[in-house]
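Comments concern the structure below.
The values are calculated or read from the model by the stated rules, or taken from the named source; none is laboratory data. The structure displayed is predicted, hence computed values, not measured ones. Cβ placement follows ideal geometry from the backbone for every residue including glycine, while neighbour counts extend to all protein chains displayed.
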Amino acid sequence: MIEDELRAAFARIEGLTPPAGPVRAAVDRAVARRQRRRRRVRAGAALAVVAAALVGFTAMVPRPPEPALPLATPAPAPAPAGALNLLLLGVDQADGSRRADSILLVHLPADRSRVYLVSLSRDVLVPMPPPGGREKLNATFSRAPGSGTDLAAGYRATRQAVADLTGVRVDAGAVLTYPGTRELTDAVGGVPVCLPAPVRSVHTGRRFPAGCQRLDGAQAVDLLRQRYGLREGGLDRDRNAARYAGGLLRRLHQQGTATDPAQLGRLLLRVGPAIRTDTGELSLPALVTVSGRALAAEPVMVALPVRREARTDGGIEPDSTLAPGFLDALRADRLAEWTAAHPEQVTTPR
(Lines give C-alpha, C1' and ligand atoms only; values in the text may rest on other atoms or scores of the structure.)
Protein backbone atom coordinates (compact mmCIF):
# COMPACT_ATOMS: atom_id res chain seq x y z
CA MET A 1 0.00 0.00 0.00
CA ILE A 2 2.80 2.43 0.95
CA GLU A 3 4.74 1.54 -2.19
CA ASP A 4 1.72 2.28 -4.36
CA GLU A 5 1.28 5.71 -2.70
CA LEU A 6 5.00 6.56 -3.19
CA ARG A 7 4.85 5.55 -6.86
CA ALA A 8 1.80 7.77 -7.35
CA ALA A 9 3.52 10.73 -5.61
CA PHE A 10 6.67 10.40 -7.76
CA ALA A 11 4.52 10.18 -10.86
CA ARG A 12 2.82 13.47 -9.94
CA ILE A 13 6.20 15.21 -9.25
CA GLU A 14 7.74 13.95 -12.48
CA GLY A 15 4.90 15.50 -14.40
CA LEU A 16 5.72 18.90 -12.90
CA THR A 17 9.48 18.69 -13.66
CA PRO A 18 10.54 20.80 -16.71
CA PRO A 19 12.40 19.07 -19.54
CA ALA A 20 16.16 18.88 -18.96
CA GLY A 21 17.09 20.08 -22.45
CA PRO A 22 16.01 23.76 -22.12
CA VAL A 23 17.53 24.02 -18.63
CA ARG A 24 20.89 22.70 -19.86
CA ALA A 25 20.79 25.12 -22.81
CA ALA A 26 20.14 28.06 -20.47
CA VAL A 27 23.11 27.04 -18.29
CA ASP A 28 25.36 26.79 -21.36
CA ARG A 29 24.31 30.28 -22.50
CA ALA A 30 25.11 31.75 -19.06
CA VAL A 31 28.58 30.15 -19.09
CA ALA A 32 29.28 31.51 -22.58
CA ARG A 33 28.24 35.04 -21.53
CA ARG A 34 30.55 34.90 -18.51
CA GLN A 35 33.50 33.79 -20.67
CA ARG A 36 32.84 36.63 -23.13
CA ARG A 37 32.74 39.12 -20.26
CA ARG A 38 36.11 37.91 -18.94
CA ARG A 39 37.66 38.28 -22.39
CA ARG A 40 36.31 41.85 -22.67
CA VAL A 41 37.61 42.81 -19.21
CA ARG A 42 41.06 41.38 -20.02
CA ALA A 43 41.28 43.27 -23.29
CA GLY A 44 39.99 46.47 -21.73
CA ALA A 45 42.56 46.40 -18.98
CA ALA A 46 45.32 46.65 -21.58
CA LEU A 47 45.07 50.46 -21.65
CA ALA A 48 45.60 50.50 -17.91
CA VAL A 49 48.97 48.82 -18.49
CA VAL A 50 49.75 51.28 -21.28
CA ALA A 51 48.78 54.17 -19.02
CA ALA A 52 51.02 52.85 -16.28
CA ALA A 53 53.74 52.37 -18.88
CA LEU A 54 53.63 55.97 -19.95
CA VAL A 55 54.79 57.32 -16.62
CA GLY A 56 55.71 54.28 -14.60
CA PHE A 57 53.29 54.59 -11.72
CA THR A 58 50.25 52.53 -10.70
CA ALA A 59 46.83 53.91 -11.53
CA MET A 60 44.45 54.41 -8.62
CA VAL A 61 41.33 56.07 -10.07
CA PRO A 62 38.31 53.80 -9.49
CA ARG A 63 37.31 51.77 -12.52
CA PRO A 64 33.89 52.42 -14.01
CA PRO A 65 31.34 49.78 -12.84
CA GLU A 66 31.00 46.79 -15.14
CA PRO A 67 27.87 46.99 -17.32
CA ALA A 68 25.11 44.47 -16.94
CA LEU A 69 25.57 41.43 -19.17
CA PRO A 70 23.64 41.83 -22.44
CA LEU A 71 21.56 39.03 -23.91
CA ALA A 72 23.71 39.13 -27.04
CA THR A 73 27.34 40.01 -27.68
CA PRO A 74 27.45 43.77 -28.49
CA ALA A 75 29.11 45.02 -31.65
CA PRO A 76 32.68 46.31 -31.14
CA ALA A 77 32.82 50.00 -30.28
CA PRO A 78 34.14 52.10 -33.18
CA ALA A 79 37.64 53.45 -32.72
CA PRO A 80 37.56 57.14 -31.76
CA ALA A 81 38.62 59.54 -34.48
CA GLY A 82 40.61 62.75 -34.11
CA ALA A 83 43.29 63.60 -31.58
CA LEU A 84 43.01 62.20 -28.05
CA ASN A 85 44.45 63.48 -24.77
CA LEU A 86 45.02 61.30 -21.71
CA LEU A 87 45.92 62.86 -18.36
CA LEU A 88 48.23 60.90 -16.08
CA LEU A 89 48.86 62.16 -12.55
CA GLY A 90 51.74 60.90 -10.41
CA VAL A 91 50.79 61.17 -6.73
CA ASP A 92 53.28 60.67 -3.93
CA GLN A 93 51.41 59.29 -0.93
CA ALA A 94 54.28 59.76 1.49
CA ASP A 95 52.08 61.82 3.80
CA GLY A 96 48.44 62.75 4.27
CA SER A 97 48.45 65.66 1.83
CA ARG A 98 48.29 64.21 -1.65
CA ARG A 99 49.50 66.41 -4.48
CA ALA A 100 49.89 65.67 -8.16
CA ASP A 101 53.66 66.02 -8.33
CA SER A 102 53.95 64.52 -11.81
CA ILE A 103 51.50 65.75 -14.45
CA LEU A 104 51.70 64.28 -17.93
CA LEU A 105 49.34 64.92 -20.82
CA VAL A 106 49.61 62.09 -23.34
CA HIS A 107 48.67 63.42 -26.78
CA LEU A 108 47.70 60.97 -29.53
CA PRO A 109 47.50 62.87 -32.83
CA ALA A 110 44.71 62.11 -35.28
CA ASP A 111 47.12 60.33 -37.63
CA ARG A 112 48.31 58.07 -34.74
CA SER A 113 51.87 58.57 -35.95
CA ARG A 114 53.40 58.59 -32.46
CA VAL A 115 52.80 59.50 -28.81
CA TYR A 116 53.59 62.97 -27.45
CA LEU A 117 54.40 63.05 -23.73
CA VAL A 118 53.64 66.61 -22.64
CA SER A 119 54.95 67.44 -19.17
CA LEU A 120 53.12 70.15 -17.24
CA SER A 121 55.16 71.60 -14.39
CA ARG A 122 53.60 71.00 -11.02
CA ASP A 123 54.57 74.56 -10.00
CA VAL A 124 52.87 76.41 -12.87
CA LEU A 125 50.27 78.79 -11.46
CA VAL A 126 46.60 78.30 -12.36
CA PRO A 127 43.40 80.09 -11.28
CA MET A 128 41.69 78.87 -8.15
CA PRO A 129 37.94 78.31 -7.89
CA PRO A 130 35.92 81.00 -6.06
CA PRO A 131 36.80 83.10 -4.14
CA GLY A 132 39.65 83.25 -6.66
CA GLY A 133 43.36 83.78 -6.59
CA ARG A 134 45.98 81.44 -8.03
CA GLU A 135 47.79 78.32 -6.85
CA LYS A 136 50.26 75.74 -8.09
CA LEU A 137 48.85 73.15 -10.45
CA ASN A 138 49.81 70.26 -8.17
CA ALA A 139 47.77 71.75 -5.32
CA THR A 140 44.51 71.45 -7.24
CA PHE A 141 44.47 67.74 -6.43
CA SER A 142 44.45 68.20 -2.65
CA ARG A 143 41.97 71.09 -2.83
CA ALA A 144 39.17 68.78 -3.98
CA PRO A 145 36.76 67.83 -1.16
CA GLY A 146 37.49 64.31 -0.01
CA SER A 147 40.68 63.93 -2.06
CA GLY A 148 42.47 62.54 0.99
CA THR A 149 40.48 59.33 0.64
CA ASP A 150 38.88 59.71 -2.79
CA LEU A 151 41.56 59.87 -5.46
CA ALA A 152 38.93 60.24 -8.15
CA ALA A 153 37.86 63.58 -6.64
CA GLY A 154 41.42 64.89 -6.80
CA TYR A 155 41.77 63.66 -10.36
CA ARG A 156 38.61 65.47 -11.47
CA ALA A 157 39.79 68.74 -9.92
CA THR A 158 43.22 68.58 -11.58
CA ARG A 159 41.68 67.41 -14.87
CA GLN A 160 39.55 70.56 -14.95
CA ALA A 161 42.56 72.75 -14.14
CA VAL A 162 44.58 71.11 -16.94
CA ALA A 163 41.74 71.54 -19.41
CA ASP A 164 41.47 75.22 -18.49
CA LEU A 165 45.24 75.71 -18.72
CA THR A 166 45.75 73.98 -22.07
CA GLY A 167 42.40 74.54 -23.74
CA VAL A 168 42.14 70.89 -24.80
CA ARG A 169 39.58 68.30 -23.82
CA VAL A 170 40.89 65.53 -21.56
CA ASP A 171 39.40 62.32 -22.93
CA ALA A 172 40.62 59.85 -20.33
CA GLY A 173 43.25 59.48 -17.65
CA ALA A 174 44.51 57.93 -14.46
CA VAL A 175 45.85 58.76 -11.02
CA LEU A 176 49.17 57.05 -10.41
CA THR A 177 51.22 56.35 -7.28
CA TYR A 178 54.83 55.33 -6.71
CA PRO A 179 54.44 51.81 -5.26
CA GLY A 180 53.35 50.31 -8.59
CA THR A 181 56.49 51.62 -10.24
CA ARG A 182 58.58 49.01 -8.44
CA GLU A 183 56.24 46.19 -9.39
CA LEU A 184 55.83 47.22 -13.02
CA THR A 185 59.54 47.91 -13.56
CA ASP A 186 60.55 44.56 -12.11
CA ALA A 187 57.79 42.79 -14.03
CA VAL A 188 59.29 43.86 -17.37
CA GLY A 189 62.84 43.03 -16.31
CA GLY A 190 63.98 46.59 -15.68
CA VAL A 191 63.67 49.83 -17.66
CA PRO A 192 66.49 51.48 -19.64
CA VAL A 193 67.01 55.17 -18.84
CA CYS A 194 69.66 57.47 -20.29
CA LEU A 195 70.64 60.46 -18.15
CA PRO A 196 72.47 63.51 -19.51
CA ALA A 197 74.09 64.19 -16.12
CA PRO A 198 74.74 62.18 -12.93
CA VAL A 199 72.10 62.20 -10.20
CA ARG A 200 72.65 61.57 -6.50
CA SER A 201 69.62 60.57 -4.44
CA VAL A 202 68.99 62.83 -1.46
CA HIS A 203 66.81 60.05 0.00
CA THR A 204 69.09 57.00 -0.19
CA GLY A 205 72.49 58.30 -1.30
CA ARG A 206 72.26 56.12 -4.41
CA ARG A 207 74.20 57.46 -7.40
CA PHE A 208 72.93 57.34 -10.96
CA PRO A 209 75.79 57.91 -13.44
CA ALA A 210 75.40 59.91 -16.64
CA GLY A 211 74.66 57.70 -19.61
CA CYS A 212 72.39 54.72 -20.21
CA GLN A 213 71.54 52.22 -17.49
CA ARG A 214 68.80 49.72 -16.70
CA LEU A 215 66.86 50.46 -13.52
CA ASP A 216 65.10 47.93 -11.34
CA GLY A 217 61.94 48.86 -9.45
CA ALA A 218 63.58 50.34 -6.35
CA GLN A 219 66.04 52.35 -8.44
CA ALA A 220 63.26 53.68 -10.69
CA VAL A 221 61.25 54.93 -7.71
CA ASP A 222 64.34 56.54 -6.23
CA LEU A 223 65.21 58.37 -9.46
CA LEU A 224 61.66 59.56 -10.10
CA ARG A 225 61.48 61.14 -6.65
CA GLN A 226 64.61 63.27 -7.12
CA ARG A 227 64.16 67.01 -7.36
CA TYR A 228 66.68 68.57 -4.99
CA GLY A 229 70.19 68.75 -6.32
CA LEU A 230 69.10 68.79 -9.96
CA ARG A 231 70.14 71.88 -11.90
CA GLU A 232 66.55 72.89 -12.73
CA GLY A 233 64.83 71.11 -9.87
CA GLY A 234 61.33 69.97 -10.65
CA LEU A 235 61.73 70.66 -14.37
CA ASP A 236 64.63 68.18 -14.53
CA ARG A 237 62.59 65.67 -12.54
CA ASP A 238 59.84 65.97 -15.15
CA ARG A 239 62.40 65.30 -17.88
CA ASN A 240 63.71 62.21 -16.07
CA ALA A 241 60.16 60.94 -15.63
CA ALA A 242 59.62 61.36 -19.37
CA ARG A 243 62.87 59.48 -20.07
CA TYR A 244 61.71 56.66 -17.83
CA ALA A 245 58.34 56.62 -19.61
CA GLY A 246 60.01 56.42 -22.99
CA GLY A 247 62.28 53.60 -21.82
CA LEU A 248 59.36 51.63 -20.44
CA LEU A 249 57.41 52.07 -23.67
CA ARG A 250 60.38 50.79 -25.67
CA ARG A 251 60.70 47.83 -23.31
CA LEU A 252 57.04 46.88 -23.69
CA HIS A 253 57.26 47.25 -27.46
CA GLN A 254 60.42 45.13 -27.71
CA GLN A 255 58.84 42.39 -25.61
CA GLY A 256 55.62 42.51 -27.63
CA THR A 257 53.66 42.97 -24.42
CA ALA A 258 51.60 45.94 -25.59
CA THR A 259 49.94 43.92 -28.37
CA ASP A 260 50.06 40.33 -27.04
CA PRO A 261 46.94 39.44 -24.99
CA ALA A 262 48.69 36.51 -23.28
CA GLN A 263 51.65 38.61 -22.13
CA LEU A 264 49.33 41.44 -21.10
CA GLY A 265 47.29 39.00 -19.07
CA ARG A 266 50.34 37.78 -17.20
CA LEU A 267 51.52 41.34 -16.54
CA LEU A 268 48.07 42.32 -15.31
CA LEU A 269 48.00 39.38 -12.91
CA ARG A 270 51.14 40.80 -11.34
CA VAL A 271 50.30 44.51 -11.17
CA GLY A 272 46.58 44.52 -11.98
CA PRO A 273 45.15 44.90 -8.44
CA ALA A 274 46.59 48.44 -8.30
CA ILE A 275 45.75 49.50 -11.86
CA ARG A 276 42.58 51.53 -12.29
CA THR A 277 41.68 54.11 -14.92
CA ASP A 278 39.12 56.72 -15.87
CA THR A 279 38.06 56.18 -19.50
CA GLY A 280 35.62 59.09 -19.73
CA GLU A 281 33.22 58.48 -22.61
CA LEU A 282 35.59 56.05 -24.35
CA SER A 283 35.91 52.30 -24.02
CA LEU A 284 39.18 50.70 -22.99
CA PRO A 285 39.31 48.38 -26.03
CA ALA A 286 38.84 51.38 -28.34
CA LEU A 287 41.68 53.24 -26.64
CA VAL A 288 43.97 50.23 -26.89
CA THR A 289 43.16 49.95 -30.60
CA VAL A 290 44.10 53.54 -31.40
CA SER A 291 47.21 53.41 -29.20
CA GLY A 292 48.80 50.42 -30.91
CA ARG A 293 50.25 52.18 -33.95
CA ALA A 294 51.35 55.25 -32.00
CA LEU A 295 53.28 53.16 -29.47
CA ALA A 296 55.39 51.61 -32.22
CA ALA A 297 57.21 54.91 -32.84
CA GLU A 298 59.68 56.66 -30.53
CA PRO A 299 57.68 58.94 -28.21
CA VAL A 300 58.31 62.67 -28.39
CA MET A 301 58.89 64.25 -24.99
CA VAL A 302 58.18 67.94 -24.61
CA ALA A 303 57.06 70.27 -21.83
CA LEU A 304 54.86 73.32 -21.59
CA PRO A 305 57.43 76.15 -21.88
CA VAL A 306 57.76 78.08 -18.63
CA ARG A 307 59.92 80.87 -17.28
CA ARG A 308 62.95 79.48 -15.53
CA GLU A 309 62.87 81.96 -12.65
CA ALA A 310 60.53 81.15 -9.79
CA ARG A 311 58.40 83.67 -7.93
CA THR A 312 58.71 84.30 -4.23
CA ASP A 313 55.84 81.89 -3.63
CA GLY A 314 57.66 79.13 -5.54
CA GLY A 315 55.25 79.23 -8.46
CA ILE A 316 56.28 79.67 -12.08
CA GLU A 317 54.58 81.25 -15.08
CA PRO A 318 54.18 79.95 -18.64
CA ASP A 319 56.76 81.45 -21.00
CA SER A 320 55.06 84.44 -22.60
CA THR A 321 57.02 83.96 -25.83
CA LEU A 322 56.84 80.20 -26.41
CA ALA A 323 53.81 78.97 -24.45
CA PRO A 324 51.06 80.58 -26.58
CA GLY A 325 52.39 79.00 -29.78
CA PHE A 326 52.88 75.66 -28.06
CA LEU A 327 49.32 75.61 -26.74
CA ASP A 328 47.95 76.66 -30.13
CA ALA A 329 49.82 73.72 -31.71
CA LEU A 330 48.50 71.32 -29.05
CA ARG A 331 44.91 72.45 -29.58
CA ALA A 332 45.23 72.31 -33.38
CA ASP A 333 46.98 68.90 -33.34
CA ARG A 334 50.15 70.37 -34.86
CA LEU A 335 52.74 69.33 -32.28
CA ALA A 336 54.83 67.67 -34.99
CA GLU A 337 55.31 71.02 -36.68
CA TRP A 338 55.97 72.87 -33.43
CA THR A 339 58.56 70.41 -32.11
CA ALA A 340 60.31 70.38 -35.50
CA ALA A 341 60.55 74.18 -35.33
CA HIS A 342 61.71 74.14 -31.68
CA PRO A 343 64.02 71.13 -31.27
CA GLU A 344 65.64 72.72 -28.22
CA GLN A 345 62.35 72.24 -26.36
CA VAL A 346 62.29 68.46 -26.94
CA THR A 347 63.69 66.21 -24.20
CA THR A 348 66.21 63.78 -25.63
CA PRO A 349 65.33 60.17 -24.80
CA ARG A 350 68.94 58.91 -24.72
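Annotations for the structure displayed:
- Residues that are in a helix (DSSP H, G or I), among the hydroxyl-bearing types (Ser, Thr, Tyr) and in contact with an Asp or Glu (Cβ under 8 Å, 6 or more places away or on another chain) within segment 171-206 comprise just one, THR185.
- Qualifying residue in segment 282-297 (condition: under 30 Å from PRO198 (Cβ atoms), small (Gly, Ala, Ser) and at pLDDT below 90): yes
- Positions within segment 300-325 being farther than 20 Å from ASN138 by Cβ and more than 23 Å from the chain's Cα centre (by Cα), in sequence order: SER320, THR321, LEU322, PRO324, GLY325
- Residue in segment 304-350 that is surrounded by the fewest Cβ atoms within 10 Å (Cβ to Cβ), counting only those that are hydroxyl-bearing (Ser, Thr, Tyr) and either over 30 Å from ALA210 (Cβ atoms) or touching a strand residue (DSSP E or B) at 6+ places or on another chain (Cβ under 7 Å) (or both): THR312
- Scanning segment 121-170 for residues that are of a type in the set (Val, Ile, Thr) and assigned to a loop (DSSP other than H, G, I, E, B) turns up THR149, VAL168, VAL170.
- Among the residues of segment 212-248, those that are closer than 25 Å to ALA296 by Cβ and of a type outside the set (A, V, I, L, M) comprise CYS212, GLN213, ARG214, ASP238, ARG239, ASN240, ARG243, TYR244, GLY246, GLY247.
- Taken over segment 217-233, the criterion of being loosely packed, with under 14 Cβ neighbours inside 10 Å and out of contact with any Lys or Arg (no Cβ under 8 Å at 6 or more places or on another chain) is satisfied by TYR228, ARG231.
- Residue within segment 128-149 that is in contact with a Pro (Cβ under 9 Å, 6 or more places away or on another chain) and hydrophobic (A, V, I, L, M, F, W, C) present: no
- Among the conditions (1) at pLDDT 75 or above; (2) surrounded by 22 or more Cβ atoms within 10 Å (Cβ to Cβ), the only one that ARG134 does not satisfy is (2).
- Some residue of segment 98-120 being over 19 Å from PHE326 (Cα atoms), in a helix (DSSP H, G or I) and at pLDDT 80 or above: no
- Which listed residue, of ARG243, ARG270, is closer than 29 Å to GLY211 by Cα, at pLDDT 70 or above, among the charged types (D, E, K, R) and assigned to a helix (DSSP H, G or I): ARG243
- Some residue of segment 207-220 being in contact with a Phe, Trp or Tyr (Cβ under 7 Å, 6 or more places away or on another chain) and not in a helix (DSSP H, G or I): no
- Selection status of ASP164, surrounded by fewer than 16 Cβ atoms within 10 Å (Cβ to Cβ), among the acidic types (Asp, Glu) and at pLDDT 90 or above: yes
- Conditions (1) polar (S, T, N, Q); (2) crowded, with 17+ Cβ neighbours inside 10 Å; (3) within 30 Å of ALA110 (Cβ to Cβ); (4) more than 17 Å from the chain's Cα centre (by Cα): number failed by THR257: (4)
- Selection from segment 291-350 of residues that are in a loop (DSSP other than H, G, I, E, B) and polar (S, T, N, Q): THR312, SER320, THR321, THR348
- Residue match in segment 184-192 (condition: more than 30 Å from ALA81 (Cβ to Cβ), touching a Cys at 6+ places or on another chain (Cβ under 9 Å) and crowded, with 18+ Cβ neighbours inside 10 Å): yes
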